[in-house]
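The values are calculated or read from the model by the stated rules, or taken from the named source; none is laboratory data. Because the structure is predicted, anything quoted here is derived from the model rather than measured. Backbone-built Cβ (ideal geometry, glycine too); neighbour counts: all protein chains shown.
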Amino acid sequence: DSGVTQTPKHLITATGQRVTLRCSPRSGDLSVYWYQQSLDQGLQFLIQYYNGEERAKGNILERFSAQQFPDLHSELNLSSLELGDSALYFCASSAPPGAANEKLFFGSGTQLSVL
Amino acid sequence: QKEVEQDPGPLSVPEGAIVSLNCTYSNSAFQYFMWYRQYSRKGPELLMYTYSSGNKEDGRFTAQVDKSSKYISLFIRDSQPSDSATYLCAMSGYNTDKLIFGTGTRLQVFP
């Protein structure tokens, strides 16, 4: 168990809908990362938050947004869903920068199916 | 061209074999190199972490980095069926938290 909790484990929805994925980082970790994993693209970095502030942005679509709350949990919001958004979404957390920050601890993921 | 290239496999080996997994990369700024193991429908877990060039050994696993060739390897000795998983290489530069992952190599170790 990595200590990173993601909910829900599975999500089935229709095109055009909006969903929210939730992540609780490991105790003491201030950084939260969101990744998307699909069969053809591998693990793609979406966005990172550090202590409530956006720190880095990757290949995140404008239809997607995220935030990190004062209790450090994070949410990834996906809207106007398309079939191609079907993927496994992972959250990861790490210790503060400068403290082996490259070591990410991943949650078990949310499998999103858009029908 | 992707920043990190990794052969997707699958790689199928008998139990006890030595496995070699590799990644190449194009960004010379990468300083930190990692290997993650991912079992089916689970999150990746950190297996090995190395900084700059050289070798690092941990039990049956050895990570090797050759920065001059932009090439990293993971060797698994005495492979076990429980090693069957997808192995992802990952790397990042200095002063950045952003990890770039390879697409992963699926390994199957049969008894």
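So here's what we get for this one:
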read-out: Near pairs, Cβ below 7 angstrom, 6+ apart or cross-chain, from the range B:31-50 (more than 7 Å from chain A (Cβ to nearest Cβ) and among the hydroxyl-bearing types (Ser, Thr, Tyr)) to any residue that is buried (at least 17 other Cβ atoms within 10 Å of the Cβ) and in a loop (DSSP other than H, G, I, E, B); value: B:Tyr36/B:Pro44
read-out: Selected residue (only one of A:Leu11, A:Leu39 is surrounded by 14 or more Cβ atoms within 10 Å (Cβ to Cβ) and either out of contact with any Pro (no Cβ under 6 Å at 6 or more places or on another chain) or not acidic (Asp, Glu) (or both)); value: A:Leu11
read-out: Among (1) crowded, with 21+ Cβ neighbours inside 10 Å; (2) part of a strand (DSSP E or B); (3) within 14 Å of another protein chain (Cβ to nearest Cβ); (4) not basic (Lys, Arg), the one test that B:Leu74 misses; value: (3)
read-out: Boolean, A:Thr7 is more than 9 Å from every other protein chain (Cβ to nearest Cβ) and over 22 Å from B:Thr86 (Cα atoms); value: yes
read-out: The range B:25-56, residues that are surrounded by 16 or more Cβ atoms within 10 Å (Cβ to Cβ), of a type in the set (S, T, N, Q) and either in contact with a Ser or Thr (Cβ under 9 Å, 6 or more places away or on another chain) or outside any strand (DSSP E or B) (or both); value: B:Gln31, B:Gln38
read-out: Enumeration of residues in the range B:61-71 that are crowded, with 16+ Cβ neighbours inside 10 Å and of a type in the set (Phe, Trp, Tyr); value: B:Phe61
read-out: Matching residues, the range A:70-83, being more than 26 Å from B:Glu45 (Cβ to Cβ) and free of Cβ contacts under 8 Å to residues at least 24 places away in the same chain; value: A:Pro70
read-out: Residue count for the range B:57-69, restricted to those that are modelled with pLDDT of 95 or more and in a loop (DSSP other than H, G, I, E, B); value: 2
read-out: Residues within the range B:1-30 that are among the aromatic types (Phe, Trp, Tyr) and free of Cβ contacts under 8 Å to residues at least 60 places away in the same chain, tallied; value: 0
read-out: Residues that are surrounded by fewer than 19 Cβ atoms within 10 Å (Cβ to Cβ), in a strand (DSSP E or B) and not small (Gly, Ala, Ser), drawn from the range B:77-111; value: B:Arg106, B:Gln108, B:Phe110
read-out: Test result for B:Tyr71, within 18 Å of A:Tyr35 (Cβ to Cβ), touching a residue at least 24 places away in the same chain (Cβ under 8 Å) and out of contact with any Gly (no Cβ under 7 Å at 6 or more places or on another chain); value: no
read-out: Any pair with Cβ under 8 angstrom, 6 or more apart, that starts in the range A:34-55 at a residue that is within 9 Å of another protein chain (Cβ to nearest Cβ) and within 18 Å of B:Met91 (Cβ to Cβ) and ends at one that is acidic (Asp, Glu) and surrounded by 15 or more Cβ atoms within 10 Å (Cβ to Cβ); value: A:Gln48/B:Asp97
read-out: Residue in the range A:79-100 that is more than 13 Å from every other protein chain (Cβ to nearest Cβ), closer than 29 Å to A:Thr15 by Cβ and touching a helix residue (DSSP H, G or I) at 6+ places or on another chain (Cβ under 8 Å) present; value: no
